[in-house]
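Coordinate-derived values only; no laboratory data. What you see is a predicted model; the values in this text were computed from it and never measured. We place every Cβ from the backbone using ideal geometry, glycine too, and count neighbours over all the protein chains shown.
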Amino acid sequence: MKRYIVAASLLFACSSAFAADKVCKLEIAGTDQMQFDKKELVVAPDCTSVELTLKHTGKLPAQAMGHNWVLTKTPDVAAVASDGLSAGLPKDYLKAGDTRVIAHTKVIGGGQTTSITFPTSKLTKGGAYTYFCSFPGHSTIMKGVLKF
């Protein structure tokens, strides 16, 4: 009987630990007109991780009108976009090892979808975060605010 009580206690403790994790799902789309369909994404304060799905609703290929989703602190947007130009499409227009990048998807073309998951432990509640597309010339237009 004691074995069953101990096993039940362990099972309950483990399920409680897993129940504490909350993955919040966000979706955003980019178009051939260099626009995201959302200017703001909100992450609930009880989320432990974020699963972001990016869909390219256009028809043009990644080489001509590729889009990705890059998250940085707001003051870092211009520098990260500028530094990524020389990285090229194979590296998603992001400088290798850039620690200012909190999370990012790969660059995709029309009709494609990609997803990433990142922990909210990389974010500070109330911090200033901007998401943008790092494809050359897109970051000044294709951007929005992430709130946590």
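Applying the condition of being hydroxyl-bearing (Ser, Thr, Tyr) and more than 12 Å from the chain's Cα centre (by Cα) to region 94-115 and asking which residue is surrounded by the fewest Cβ atoms within 10 Å (Cβ to Cβ) yields THR99. If we scan region 56-69, do we find a residue that is in a strand (DSSP E or B) and either among the small types (Gly, Ala, Ser) or crowded, with 17+ Cβ neighbours inside 10 Å (or both)? The answer is yes, given that some residue of region 56-69 is in a strand (DSSP E or B) and either among the small types (Gly, Ala, Ser) or crowded, with 17+ Cβ neighbours inside 10 Å (or both).
Answer with yes or no whether LYS38 is assigned to a strand (DSSP E or B), more than 15 Å from SER134 (Cβ to Cβ), in contact with an Asp or Glu (Cβ under 9 Å, 6 or more places away or on another chain) and of a type in the set (Lys, Arg). In short, no.
Going by the structure shown, is ALA44 within 23 Å of PRO119 (Cα to Cα), surrounded by fewer than 17 Cβ atoms within 10 Å (Cβ to Cβ) and free of Cβ contacts under 8 Å to residues at least 24 places away in the same chain? Considered against the rule, which asks whether it is within 23 Å of PRO119 (Cα to Cα), surrounded by fewer than 17 Cβ atoms within 10 Å (Cβ to Cβ) and free of Cβ contacts under 8 Å to residues at least 24 places away in the same chain, ALA44 comes out as yes.
Select from region 128-148 the residues that are in contact with a Leu (Cβ under 9 Å, 6 or more places away or on another chain) and β-branched (Val, Ile, Thr) and write down the one among them that is surrounded by the fewest Cβ atoms within 10 Å (Cβ to Cβ). Per the stated criteria, the residue is VAL145.
So for region 72-87 (the condition being closer than 19 Å to VAL42 by Cα and either of a type in the set (D, E, K, R) or in contact with an Asp or Glu (Cβ under 6 Å, 6 or more places away or on another chain) (or both)), does at least one residue qualify? The answer is yes, given that some residue of region 72-87 is closer than 19 Å to VAL42 by Cα and either of a type in the set (D, E, K, R) or in contact with an Asp or Glu (Cβ under 6 Å, 6 or more places away or on another chain) (or both). Residue count for region 116-127 under the criterion of being surrounded by fewer than 12 Cβ atoms within 10 Å (Cβ to Cβ) and assigned to a loop (DSSP other than H, G, I, E, B): the result is 3.
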